[in-house]
Structure formats: C-alpha cells, structure tokens
Amino acid sequence: MPDVKKFLYVNRKAPYGTIYALESLEVVLIGAAFEQDVSLAFLDDGVFQLTKGQNTEGIGVKNFSPTFRALGDYEVTKLFVERESLEERGLTEADLQEITYEDEDDDWAEKPSIRVVSRAEMAEIMADQDVVLSF
Amino acid sequence: MPDVKKFLYVNRKAPYGTIYALESLEVVLIGAAFEQDVSLAFLDDGVFQLTKGQNTEGIGVKNFSPTFRALGDYEVTKLFVERESLEERGLTEADLQEITYEDEDDDWAEKPSIRVVSRAEMAEIMADQDVVLSF
Amino acid sequence: MSTLHTVNKSPFATNSLTSCLNHCREGDAVLMIEDGVYGGLSGTAVAEQVAAKAGSVSIYVLRPDADARGLAQERMLEGIEGVDYAGFVDLAAAHDRTQAWL
Amino acid sequence: MSTLHTVNKSPFATNSLTSCLNHCREGDAVLMIEDGVYGGLSGTAVAEQVAAKAGSVSIYVLRPDADARGLAQERMLEGIEGVDYAGFVDLAAAHDRTQAWL
Amino acid sequence: MKFGVVISEGPYTHEAADTAYHFVKAAIAKGHEVPRVFFYHDGVNVSTRLSVPPQDERHIQNNWTALAKEHDIDLVVCIAAAQRRGLLDQNEAERQGKDANNIAEGFRISGLGQLIEMGIQTDRLVMFGD
Amino acid sequence: MKFGVVISEGPYTHEAADTAYHFVKAAIAKGHEVPRVFFYHDGVNVSTRLSVPPQDERHIQNNWTALAKEHDIDLVVCIAAAQRRGLLDQNEAERQGKDANNIAEGFRISGLGQLIEMGIQTDRLVMFGD
C-alpha cells in the first residue's frame, strides 16, 4: 500500500436543502491533516456549492461557503468543476467564488484552485483515485 | 367546514429503498377509522408499490405489500394508478396485485379497487380534494 | 378552486418539478422552495419547460432560499415572482389546498 | 485499473444512474442496488440508455433487492447479470475502487 | 385561518424543519392560527433534547420548543415513527423497558390519528419533507 | 482483503444500513476483513439503543451490535454528526450537561479522522447512503 493515497471527494448535491455539502466539507478539513493526495470533484448539483453571493440570513442557517476559500490554507488545492454540469444549470465560471492557493513550489505565487474540466476529464480524474468518498 | 373531507394520499416513491411507502400505508390504515372520503394516488415511482410477487426475504425486511389487499376491509376502495407512470416503467396493470373490495351498496359484489387513470384524470382527482398528504 | 403546489427539489436532481408541472392546472400556483428554487433559473436545461407553464400557472420562488444559494431575482425566468415566508403564507391561504411534491 | 460503480436510486426519480453512466469507462462495472434495481428493467423510458452502455460496461443487479420489488430476472435487460451479496463483495474486490452514486 | 403543519425530515439533515419554522412564525405574525405541528417519518428526530449543534448554528429543537410555548402550539410526535427511530418519552421508556428517554419539553408523543384530526380540523395542511 | 464501510443514512428510513449489514456479513463469510464501519450523516442514528421497532421487523441496531461483537468490528459514530442529531455516549452527555445518553453497546463515538484512517488502511472503501 502506498504511503500516500489519492482521495477524491465527490460533491453532487446542492447546499442548504440537505446537509451533505456541509458535512462533506467537514471531512475535507479533517482529512487535510492526514497529508494524503486530496482532490475535490464538483458535478451535477454539486457545482451550486461554489456559487458567489450566498446569503443565508433569511433562512437562519450558517453560510459555510466562505470556508471553500480557506481550503488553500489546508493545502487542498485541487477543486475540479465539471463544465457540462455548469452549462446545464445556466452557470459559467464567473458565477463561482474565486478560490486560490499559494504555490509553495513556485515562490508562493497565488494560483486558482478551481479547474473547470470536461465530463470526459472528470471521468478520468475519478478513475485515477484510490479512495472515492461520495456526498 | 364539511363533516366529511376528501383526503388524498399521494404515493410517488418506490417501496423498501426508503420507508415512505410503508409509513404512508400506516397513515391510511389509521385514517380509515375517521370515516373521511379517502383516495390513494399512485404515480411516478409510487406505482412500484403495487407490483405483484414482492419477496423481501433476501433483504431481511418485512414485506408489506399484502397489506394493500386488506384495504378493502378498511373501506379504502379508491386506488388511482397513473397510466403514464406505469408505461414509463415498462409496467402494465397485469403487473400489479389484484386488489378488491366488497361493495356494500351493490349486494357486497367484489369489485376492483385499482383504477388506472390518465395523467390528466390524475390531475383532476388531485384538484378535487380537501387535504392532500404527500409521501 | 385552485391548488398551491410546493416543489423543494432541484429539477436537475429529481423529477419532482416535472411531475408537478405535469399535474398542475390552469389557475394553480407553483412555489419553489429549498433546493426547488433552482427550477426558477433562466438559461438552464429545464428553463424552457418551466417557461412553457408560466402562462397558465403562477410561478413563485421563495427569496430567502434563493438568496441563501446566491441566486439573485434577475437570474430568474421572466414572470417568476419572489416571495418571502409571509408571501408563502398568503399563497397557502389564497388557494384551496396545498400539495407538496416531495 | 477499473471501478465498481454502485447506483441505489431509481432512474425515474433521480439523475444518479444517468450521471453514473456518463462517467463510467470501458471495463468498469455498474451494480444496481436498493431502488437502483429499477434501472435494469426492460421496456422502460430509460432502458435504451442503459442498453447502450451495456457493451462497454458490465451491468449487474442485486437480486435480493430486485426480488423484494417483485422484479424477476427475466424482466431485466439482456446482458444484465444478477448477483447476491457475496457477488457484490466479489465485484468490490475485483475492481480497484468503488464509487457510490448516492 | 387555521393551518396544520407536517414535518417529515430530521433536523440539520434536511431544511424541512427550518422552512416549517419560518412558515409557522410568518403565519402567526399574520394573525393565522397554527394549533398543531405533526412530526412524522424522520421528522420525529426534531424532538430530541440531546442535540448539541455547533455554537454558531441555530438550535432547531430549542426554537420549536420556544415557539410552541409562546403560541400554544401542540407539537405531536408520531409514536410509531418515533419508536422505530429511538425517540421515547418517560412513559414510553418505562413501558418498553428502556433506561433513558430523550424527548424535549413541549413535544408530546401520540398516534397518527392526531395527523388525520389535524387534517379535518384545520383549513389548510402544509407538508415539509423530502 | 480489507474492506472499510461507510453508512450515511438512518435506520428504517433508508435501506442503506440494511444493505451494508448484508454486505459486511457476506464479506466476512468470504474470508475478508471488515475492521471498521463508520457512521456518518444520518447514519449516526443507527447507534441509538432506544429504538423499538415492531416485533415482526428486524432490529437494525441489535444486528450491528451482535455482528460487531462476533467479528470484532469497530463501529465508529462521527462525533460532529452525532452531536447535531442528539446521539451521545455517557462521556459526551456529561461534558455537554445533558441528562441522558443513548448510544448502544458496541458503538463508539469518535472523530472524522477515523474515517480518513479507514480509507488509508483498508483496500476498498464502500459507501452506503442516500
């Protein structure tokens, strides 16, 4: 067994209507301490988790979307978002939060964490994992 | 307020994967004692609740499908099943259990409780209720 | 005699909105709540289906739920009206019955 | 390197099966469990979509779940194989990873 | 007007108990009556007094208990659904030989008849679930 | 081979806890190891010792407790998910100032790290949920 495994967190559900998005993020944050090779996949309604401008005051529920912007601090820097899922939902990358990380191998240059990929690329990413956790 | 209200139980979910079908039936059985005008609607995956030959031994869960055949004894005699929902699922009326009741207004003649209706008819039935309970 | 239908599921995840639209009648109202609010978005794979019904049926979106998800009212299809919880209550009172498409 | 995909939702209720089929690759296996077994039925609105994948991907149905729902194996699409829980375990062991389409 | 409300999903897991809460508050603010809220399916889980949500989150059970007290709302938890899921009041716990109970103040356990009765006695029934 | 198992939905409400149970039994019967089952989301509700299902139904919690005892399976309940939903062991109840606890024998409450660790230490991870 390799020392470092590839973990993929698959997010296919919208935020707030159900708790899966929030509790997925809680696993990601805890999992970061284990120094595995972590990627996050956002497809189907999971892409809605990353939208800008979420304001949960009216529903009285905590807005957890700012936490995505902190993922870089936890060295979680690979957020794959499926283009087809965005398109079906009338979204573009401009509707998503800007999420960045500082690349320690490149003089701490600030780089985007979100990478929009095609459905075929998403399938390849999924097929390249050791452990797939679905939320 | 009328003494007798029209109650419709709307069943749109498949049995066993989730508990809604079973717990809907429990409401219907208790509700029968209240002598209201009761109808049951089966549409979308709800039509799967009525299939013949269910055998739950392998999953270790109680088979509650025989209870539908007892509904007549509770004077629950109107089970509306949507034809389009059957068709989309590759089913015909012959795939459903035979469910009958004895008509006290017709010399206790045995009559079928299941009435297959079109989607438009189902919409009319829904629009003719006082209380709609969704499962 | 008319019905207030509530839809609380994303139309991209489940068939609840489609089934609701297939069964609601002229003069009925459809209120999108919780994850159902995504059904009101313009430019989506289901927008045409929703727009086609918007003539005979009044369609509403619960703004607190849309706001939570970052969906401004101007992203909604034309003719879809935003309401708050008080508006939800008014709709439930104004129609003869409520049917939840769970 | 291949994946066992599990689908536990009815294809008539949610988009899980469609999304799974859109993402599985040649040599992968799809196991329909729980309410997912309805996806194996022949003559349905989704049968063609499933049959189209059945060449490049092996499709299985968990028989105890199909039996519970009254779905005899002969109602399943051609090429879909029935397995029991032991067969489920074998499939999970034989593929490099398992991905659940919840 | 009298509204009856049904909650069919558990707290935090689904938004149903939150939406219902806002709906009931709005209905009362408009002068309507909400004599009863019925908890069914996983909705019975709202009634546990043992939940400890994070400090910065709403406390769903506390909110319902407070609202019920303020406006005299009958919070009824379905006994059959509650037994399956491990929600018991003191009486039920004793009757079932269980060493603990977990129902919060303001909720009472009763039968499904209370749901039908609510349907009969209210002008509108509104369901929140999954 | 070592299997790790995750259960994400509550008992009776969803079939997940049943399917996982049959899977784990079959895996062990085939000579595989199942060192740990992790309960997350509503899956934590499986661990209550207060459930009283109808006599003619399976007792999901008892089945897990017995299976774990027989085959030395570590049944881990996520603490964060459990707190929200009102599942507490004696320690947690005392720490939180609650007057009762409800976790059944054979289950232990611990952190999400146990899930990640299970992913690292097993050969296959299988998830059952909704």
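None of the figures in this text is laboratory data; all of them are computed from the coordinates on show. Since this is a predicted model, take the numbers as computed values, not measurements. In this analysis, Cβ positions are derived from the backbone assuming ideal geometry, glycine residues included, and neighbour counts consider all displayed protein chains.
Label-point separation (nm) for A:E57 and B:D105, each offset 7 Å from Cα along Cα-to-Cβ?
The modelled label-to-label distance comes out at 5.8 nm.
Which residue is it, in chain F, whose C-beta lies closest to the F-to-E rotation axis, and what is that distance in whole Å?
Result for the F and E rotation: F:A100, 2.
State which entries of B:K6/E:K25; A:K5/C:K9; A:K6/A:K111; A:K13/A:K111 exceed 31 angstrom in Cα-Cα distance in the structure shown.
Cα-Cα > 31 Å for A:K5/C:K9; rest within.
May I ask you to sort A:E84, A:E93, E:E70 by Cβ crowding, counting other Cβ atoms within 10 Å and putting the fewest first?
Numbers: A:E84 17, A:E93 14, E:E70 10.
Listing A:E84, A:E93, E:E70 from fewest to most nearby Cβ atoms yields E:E70, A:E93, A:E84.
Below 8 Å between Cα atoms, with a sequence gap of 6+, how large is the relative contact order for the stretch C:3-101 in percent?
35
Quick one: among C:E81, C:E26, C:E34, which has the greatest mean-square fluctuation in a GNM of chain C with alpha-carbon springs under 10 angstrom?
C:E26
Just how far, in whole angstrom, is the stretch E:73-90 from the stretch D:17-75 if you go by their alpha carbon centroids?
38
So for the protein assembly as shown, what percent of the C-alpha to C-alpha distances run longer than 38 Å?
Here the long-distance tail beyond 38 Å is 33 percent of all Cα pairs in the protein assembly as shown.
Where the label is 7 Å out from Cα toward Cβ, how close does B:E121 come to the same position in every other copy, in nm, shortest first?
From this label point to the equivalent ones elsewhere in the assembly: 5.3 nm.
What does the convex hull of the alpha-carbon atoms of the stretch A:63-135 project to on average, in nm²?
6.1
Using θ = phi - 60° and the Karplus form 6.51 cos²θ - 1.76 cosθ + 1.60, what ³J(HN,Hα) does each residue of the stretch A:18-33 get, whole Hz, x for Gly and Pro?
Calculated HN-Hα couplings, in order: 9, 8, 4, 4, 5, 6, 5, 4, 4, 5, 4, 5, 5, x, 4, 5 Hz.
In Å and on Cα atoms, what radius of gyration and Dmax does the stretch C:3-101 show?
Final numbers for Rg and Dmax: 11.9, 33 Å.
How far, in whole Å, is the nearest Cβ of chain B from the axis relating it by rotation to chain A, and which residue carries it?
Closest Cβ on chain B to the axis mapping it onto A, in Å: B:T18, 7.
At 222 nm, what value in deg cm²/dmol follows for chain E if DSSP H runs of at least 4 each add -39500 (n - 2.57) and the sum is divided by all its residues, to the nearest 500?
Here the helix-only value at 222 nm equals -10500 deg cm²/dmol.
For a quick check: sort A:F135, B:F68 by the number of other beta carbons within 10 angstrom, fewest at the front.
B:F68, A:F135
Which residue in chain D puts its Cβ closest to the axis that rotates chain D onto chain C, and at what distance in whole Å?
Of all Cβ atoms in D, the one closest to the rotation axis yields D:T14, 3.
Taking each residue in A:31-40, count the Cβ atoms of any other chain within 10 Å of its Cβ, then average. What number comes out?
The shielding value for this peptide is 2.
For the stretch B:48-95, what value does the Rg/Rh ratio take when both radii are computed over Cα atoms and Rh is the Kirkwood radius, given to two decimals? Spell out each step's value before the answer.
Working: Rg = 12.6 Å, Rh = 12.5 Å.
My calculation puts Rg/Rh at 1.01.
When Cβ neighbours within 10 Å are restricted to other protein chains, what is their mean count per residue of peptide D:89-97?
Per residue, the number of nearby Cβ atoms from other chains is 6 on average.
Output the antiparallel fraction of DSSP beta bridges having both residues in the protein assembly as shown, as a percent to the nearest 5.
15
Which whole-number percentage describes the relative contact order of chain B, with Cα contacts under 8 Å and a sequence gap of 6 or more?
It rounds to 32 percent for chain B.
Would you please state the base-10 log of I(q)/I(0) at q = 0.19, 0.22 1/Å for the stretch E:2-128, with intensities from the Debye formula using one equal scatterer on every alpha carbon?
-1.02, -1.34
Report, for D:E74, each distance to the same residue's label point in the other copies, shortest first and in nm; define the point 7 Å along Cα→Cβ.
6.3
Counting alpha carbon pairs within less than 8 Å and at least 6 residues apart, what relative contact order, in whole percent, applies to the stretch F:69-110?
54
So the label point sits 7 Å from Cα along the Cα-to-Cβ vector; using that for B:E35, what distances do you get to the other copies, in nanometres, sorted shortest first?
Ordered by distance, the counterparts are at 7.6 nm.
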